[in-house]
Amino acid sequence: MSHQPVVFAEELTKEFGDTTAVDSITFGIERGEVFGILGPNGAGKSTTMRMISTVSPVTSGTLRILEMDPQAHGPDIRARMGIIPQDNLLDQHLNVRENLTTYARYFGMSRSRARERAAELLDFVQLRERADSEVQPLSGGMKRRLAIARALVNDPELVILDEPTTGLDPQARHLLWERLFQLKQRGTTLILATHYMDEAEQLCDRLIIMDHGRIVGAGSPRTLISSLVPPEVVELRFDAPSLNDYAGKLTEIGDRVEQLPDRILVFGDNGDAVVAEIYRRGLPPSSVLVRRSTLEDVFLLKTGRRLVD
Amino acid sequence: MEFLVSHPTITVLERHLLLYRRLWRASAFSLFVVPALFLLSMGFGVGSFVPRIGNTDYAMWIVPGLLALLAFQTAVNESTMGIYTDFEWIGAFHVMRHTRVRITDMIVGWLLYVLVVVELATVAFLVVSWAFGVPQPALVVLVAPLVCALLAVSVAAPTTAFAATVRDEGHFHLLNQFGVMPTIMVSGVFFPVGQLPAPVRPLAWISPLWHATEINRAAALDSFTAGPLTLHVAVLLAWAVLGLVWARTAFQRRLAS
């Protein structure tokens, strides 16, 4: 059997009237990997996810999912796919268990099989004791977990998550990441769109960074960082009304300098050496932070903007 | 059998019925109270001023029309806010779109649900009018559920389509003012269509409510004639088919946007 990616997109484009939401992007997703689509709001992540979900028709280019054409084989693809929409879309007037059994029935499971499957999944997402609860009083993290359980009802090979942890507190985020990691270990392919670089770094084997509908970087989090930005960053703050003078003087010191409204970032191979040089030149900052470069920095250097404003 | 029970259309119907069961008590109350109020106010209230239409007692004359009106209103009411809520607030159809359920299943499953509710209302009405002592020819008991079913689909299909295009609840007031209310006035429920000014009368001919009222009344008064019956059924079917086609397009647009 020839090797085929789970998702294959070539010059994939989506237009809404005059606006191009996704502009000729090309990528492939391998079986069993966690693939991330990272970018700020409005970058085209959700539109790309909706096309992969087979919900939104492609304007032009090629899209193959599980070796099928989403336009012609939507139901067949969806039978093997789990979708976790950004806003959960839980059935507010059904209880927790009914949300799962109803969804299982949509896939043609018998009533008894649907109840069994719901019980298994409530255990997996640790909601068993809330099975008879209404949906409304659940916390944000619980609702998210219920949406994940629902997407797993049909034992999908491919799971699609749009902004999986937006709006969740840190504890809820970590619990969710842990469940997603378990799914990955079982061999499920995960595709997640996020504007959190820590989430992308934590979970993704490979990712694309999107901006204005285009791909501005692709690869594993480590290779993206090592190939596109110097390894270390010095974050500097100064007691001065304007940072412009400082930024000009710092350009000679590091490999790259980025000026943000409240601070200046100096990129270099060795952060401590950069700091020493700054002091030697008589430019003492009010605060200094030396850290490793992140995907956030990759995005900043590629686009001149930050991921989260 | 399992194939049928787990058919996507049936699983959609099941979801709507599950929700209906939650509201069962409130709706059971209105199921019987609404027909009672209809009969008291129109049948006996107005009926005491209008003793006879032709050779028929007014209460006897108006009951088949009220029955059609009840089916009409139930179908419209369910299909406006019900569809709007499932698209706009719950996202129920968007969720179905993530599964094996096709758009046709969503629409047919919904219409089956409306049928169940309309039939419950129809049976409740027949029981109440029987309790009030309005004579119930066997023909009405046989025909009315069928007519109400056909009327329900012919009204619910286009209403469902319209509701799928609506992003603002205010549009339902327009539907009510310019669609529902005029339809009720011109459909010969309360008085014969012949009483309408001539230029307005053609409105009755396109009204599904008038055609259903005519069949129901013919059954109640035992005055069936084959020609008009075929025509009445044909118009109702036309509304149903056009409504279904429109609903398909409306759902496709809404779910792809």
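The values are calculated or read from the model by the stated rules, or taken from the named source; none is laboratory data. Predicted model only: the values in this text are computed from it and were never measured. With ideal geometry, Cβ positions are generated from the backbone for all residues, glycine too; neighbour counts draw on all protein chains shown.
What the table below lists for this structure:
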read-out: The lone exception for A:Asp132 - which of (1) outside any loop (DSSP other than H, G, I, E, B); (2) more than 10 Å from every other protein chain (Cβ to nearest Cβ); (3) at pLDDT 95 or above it fails; value: (1)
read-out: Test result for A:Ile37, more than 14 Å from chain B (Cβ to nearest Cβ), under 30 Å from A:Met142 (Cα atoms) and assigned to a strand (DSSP E or B); value: yes
read-out: Filter pass, B:Ala71 being part of a helix (DSSP H, G or I), among the small types (Gly, Ala, Ser) and closer than 19 Å to B:Met181 by Cα; value: yes
read-out: Residue count for the stretch A:77-92, restricted to those that are free of Cβ contacts under 8 Å to residues at least 40 places away in the same chain and touching a Leu at 6+ places or on another chain (Cβ under 8 Å); value: 1
read-out: Residues of the stretch A:168-199 satisfying the condition of being among the hydrophobic types (A, V, I, L, M, F, W, C), closer than 22 Å to A:Leu158 by Cβ, touching a Gly at 6+ places or on another chain (Cβ under 8 Å) and assigned to a helix (DSSP H, G or I); value: A:Leu176
read-out: Flag for A:Gly42 being surrounded by fewer than 20 Cβ atoms within 10 Å (Cβ to Cβ), more than 10 Å from chain B (Cβ to nearest Cβ) and of a type in the set (Gly, Ala, Ser); value: yes
read-out: Residue among A:Ile77, A:Ile83 that is more than 8 Å from chain B (Cβ to nearest Cβ) and crowded, with 20+ Cβ neighbours inside 10 Å; value: A:Ile77
read-out: Matching option when the condition is polar (S, T, N, Q), under 30 Å from A:Asp132 (Cα atoms) and without any contact (Cβ under 8 Å) to a residue 60 or more places away in the chain, among B:Ser48, B:Ser41, B:Ser30; value: B:Ser30
read-out: Filter result for the condition that a residue is within 14 Å of another protein chain (Cβ to nearest Cβ) and surrounded by 23 or more Cβ atoms within 10 Å (Cβ to Cβ), over B:Val101, B:Val118; value: B:Val101
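Every residue, every condition in (1) more than 30 Å from A:Asp23 (Cα to Cα); (2) in contact with a helix residue (DSSP H, G or I) (Cβ under 6 Å, 6 or more places away or on another chain), yes or no:
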site: A:Ala118; (1), (2): yes, yes
site: A:Glu129; (1), (2): yes, no
site: A:Glu157; (1), (2): no, no
site: A:Arg173; (1), (2): yes, no
site: A:Gly187; (1), (2): yes, no
